[in-house]
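K.L.:
Sharing a structure here in structure tokens format.
The values are calculated or read from the model by the stated rules, or taken from the named source; none is laboratory data. Quick caveat: nothing in here was measured; it's all calculated off a predicted structure. Positions of Cβ are backbone-derived with ideal geometry, glycine not excepted, and every protein chain shown enters the neighbour counts.
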Amino acid sequence: MPWALVLGNHDTDRTGLSAADILQLVRRLDRGHGCTAEGPAHLPGLGNYNLTVRDAAGATPLLNVMLLDSGRFGNEFGGYDWITHRQIQWTLDTAAAVDHEAAPPRRVPVLIFFHMPIPEFSTLLEDPDMEARLNGAYQERVWASRMNGGLYAAAVVDGHIKGIFVGHDHLNDFCARAKHGGPYLCYAGSAGYGAYSRIDFDRRARVILLDADGSLHTWKRVDDGALSVVDPERLLIEPVSGVDDPFRQGYRYWALPFAGWMVLAATGGSGVTLLALLVLRRTPKRLVRALTVHWAREPGLTGLGRTRNDKLV
């Protein structure tokens with residue numbers, strides 16, 4: 001299974017390892033399946049890179065999964081680091097370049113993953129004019145940087161970025177979006193047992209599904225003994241027909257094995273946000289049929305089919 005990671009703010013604490021050491025170790029352990037990269041040298045930090053998810057033929061780009069290094073703690077402003085202007089510009093430039101790989105050229109959606117939340121994770125909920133819709137748990141303060149690098153504003157104006165996914169705050173697992181639109185702001189959910197939590201808040205991991213028609217959905221799996229599905233969310237709908245048909249949208253999820261990909265995200269105990277891209281296009285037909293039945297019966301997908309139609313534009 002292909003997989004990738006981004007660094008968190010605690011990964012170099014008390015380990016004697018630098019960020020470069022950790023990435024070098026990751027490359028030695030990836031067994032040929034790792035997608036983690038250091039990224040362009042001119043960008044702050046290590047681990048700024050893009051993974052383009054393509055169709056089963058490997059030709060048409062369907063989604064950009066961008067991973068960024070949100071830094072550590074202890075800058076000149078006495079707080080957490082932030083996503084910088086250079087990282088934001090690189091994100092937009094990379095997205096625009098991938099658009100031209102599609103035939104015909106079109107806007108390929110972007111999901112961004114990094115560890116520490118941006119300030120809008122709290123201001124979006126605190127500002128009554130934003131009328132944000134929240135889905136999930138909001139149980140602790142959002143520990144964001146004191147500096148706002150402008151990623152959220154750039155995402156709203158540019159339009160490529162459909163979701164921003166973070167970790168860091170282990171008791172929060174919500175997705176939120178302003179009434180006027182813009183990207184979804186989502187926590188991955190705390191999955192690692194080496195990190196702080198609460199005894200009444202089971203460990204959980206966020207799952208993101210890219211459907212064959214380009215629609216995106218997310219929910220969380222909870223380690224409660226039953227692996228319950230909670231808080232289904234519809235991130236992006238791009239019906240094949242071009243017409244919003246809620247009934248058809250609710251029953252297309254079994255196409256996933258034929259789409260060729262599944263995206264997983266979780267927050268590790270050391271603060272590492274993990275990303276996995278599951279390749280299914282070489283799966284034996286009998287297993288594809290089994291997966292088809294499994295996904296058609298997935299309780300989280302049934303719930304998703306009944307949620308309100310929220311299309312990002």
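K.L.:
I'd like to know if region 134-142 contains one or more residues that are surrounded by fewer than 17 Cβ atoms within 10 Å (Cβ to Cβ), hydroxyl-bearing (Ser, Thr, Tyr) and free of Cβ contacts under 8 Å to residues at least 60 places away in the same chain.
P.N.:
The answer is no, given that none of the residues of region 134-142 is surrounded by fewer than 17 Cβ atoms within 10 Å (Cβ to Cβ), hydroxyl-bearing (Ser, Thr, Tyr) and free of Cβ contacts under 8 Å to residues at least 60 places away in the same chain.
K.L.:
Of the residues that sit in region 96-142 and are under 11 Å from Ala178 (Cα atoms) and among the hydrophobic types (A, V, I, L, M, F, W, C), which one is modelled with the highest pLDDT?
P.N.:
Only one residue tops the list, namely Phe121.
K.L.:
Select from region 188-204 the residues that are touching a residue at least 12 places away in the same chain (Cβ under 8 Å) and either surrounded by 21 or more Cβ atoms within 10 Å (Cβ to Cβ) or of a type in the set (D, E, K, R) (or both) and list them in ascending order.
P.N.:
Matches in region 188-204: Ala188, Gly189, Ser190, Ala191, Arg198, Asp202, Arg203, Arg204.
K.L.:
Now for a different question. When you go through Asp169, Asp224, Asp213 one by one, which is the residue that is in contact with a Pro (Cβ under 9 Å, 6 or more places away or on another chain), touching a residue at least 12 places away in the same chain (Cβ under 8 Å) and surrounded by fewer than 21 Cβ atoms within 10 Å (Cβ to Cβ)?
P.N.:
Being in contact with a Pro (Cβ under 9 Å, 6 or more places away or on another chain), touching a residue at least 12 places away in the same chain (Cβ under 8 Å) and surrounded by fewer than 21 Cβ atoms within 10 Å (Cβ to Cβ) holds for just one of Asp169, Asp224, Asp213, which is Asp213.
K.L.:
Out of all the residues in region 148-159, is one or more over 18 Å from Leu111 (Cα atoms) and either in contact with a helix residue (DSSP H, G or I) (Cβ under 7 Å, 6 or more places away or on another chain) or not acidic (Asp, Glu) (or both)?
P.N.:
So far as region 148-159 goes, yes, one or more of its residues are over 18 Å from Leu111 (Cα atoms) and either in contact with a helix residue (DSSP H, G or I) (Cβ under 7 Å, 6 or more places away or on another chain) or not acidic (Asp, Glu) (or both).
K.L.:
Give me a count of the residues in region 153-194 that are assigned to a loop (DSSP other than H, G, I, E, B) and either within 24 Å of Phe73 (Cα to Cα) or not charged (D, E, K, R) (or both).
P.N.:
Restricting attention to region 153-194, the residues satisfying the condition of being assigned to a loop (DSSP other than H, G, I, E, B) are 159-160, 167-174, 179-180, 188-189, 191-194.
Now drop any that are not either within 24 Å of Phe73 (Cα to Cα) or not charged (D, E, K, R) (or both), which leaves 159-160, 167-174, 180, 188-189, 191-194.
Of the residues in that region, 17 qualify.
K.L.:
With respect to Asp99, determine if the residue is farther than 27 Å from Gly192 by Cβ and either among the acidic types (Asp, Glu) or surrounded by 15 or more Cβ atoms within 10 Å (Cβ to Cβ) (or both).
P.N.:
yes
K.L.:
Tell me the residue from Ala97, Ala153, Ala195, Ala188 that is in contact with a strand residue (DSSP E or B) (Cβ under 7 Å, 6 or more places away or on another chain) and aliphatic (A, V, I, L, M), please. It would help to see each step written out before you state the result.
P.N.:
Values: Ala97 fails: in contact with a strand residue (DSSP E or B) (Cβ under 7 Å, 6 or more places away or on another chain); Ala153 fails: in contact with a strand residue (DSSP E or B) (Cβ under 7 Å, 6 or more places away or on another chain); Ala195 fails: in contact with a strand residue (DSSP E or B) (Cβ under 7 Å, 6 or more places away or on another chain).
After applying the criteria, what remains is Ala188.
K.L.:
Something else: Do we have any residue at all in region 21-41 that's crowded, with 20+ Cβ neighbours inside 10 Å and modelled with pLDDT of 95 or more?
P.N.:
No, because not a single residue in region 21-41 is crowded, with 20+ Cβ neighbours inside 10 Å and modelled with pLDDT of 95 or more.
K.L.:
Assess whether Arg86 counts as being surrounded by fewer than 15 Cβ atoms within 10 Å (Cβ to Cβ) and not in a loop (DSSP other than H, G, I, E, B).
P.N.:
Considered against the rule, which asks whether it is surrounded by fewer than 15 Cβ atoms within 10 Å (Cβ to Cβ) and not in a loop (DSSP other than H, G, I, E, B), Arg86 comes out as yes.
K.L.:
Could I ask something else about it? Collect the residues in region 201-214 that are at pLDDT 90 or above and either assigned to a loop (DSSP other than H, G, I, E, B) or of a type in the set (Asp, Glu) (or both), keeping them in residue-number order.
P.N.:
Filtering region 201-214 for residues at pLDDT 90 or above gives 201-210.
Answer for region 201-214, where residues must be at pLDDT 90 or above and either assigned to a loop (DSSP other than H, G, I, E, B) or of a type in the set (Asp, Glu) (or both): Phe201, Asp202, Arg203.
K.L.:
Do we find a residue being among the charged types (D, E, K, R), within 20 Å of the chain's Cα centre (by Cα) and surrounded by 13 or more Cβ atoms within 10 Å (Cβ to Cβ) anywhere in region 43-56?
P.N.:
yes
K.L.:
Run Ser122 past the list (1) in a loop (DSSP other than H, G, I, E, B); (2) closer than 30 Å to Arg221 by Cα and report the number of the one that doesn't hold.
P.N.:
(1)
K.L.:
Then there's this: Determine which single condition Thr15 fails, assuming it passes every other condition in (1) among the β-branched types (Val, Ile, Thr); (2) touching a His at 6+ places or on another chain (Cβ under 8 Å); (3) more than 19 Å from Ala188 (Cβ to Cβ).
P.N.:
(2)
K.L.:
Is there any pair with a first residue in region 1-19 that is touching a residue at least 24 places away in the same chain (Cβ under 8 Å) and assigned to a helix (DSSP H, G or I) and a second that is among the hydrophobic types (A, V, I, L, M, F, W, C) and surrounded by 15 or more Cβ atoms within 10 Å (Cβ to Cβ) whose Cβ atoms are under 9 Å apart and which are 6 or more apart or on different chains, and what are they?
P.N.:
So the pair list comes out as Ala19/Leu7; Ala19/Leu46.
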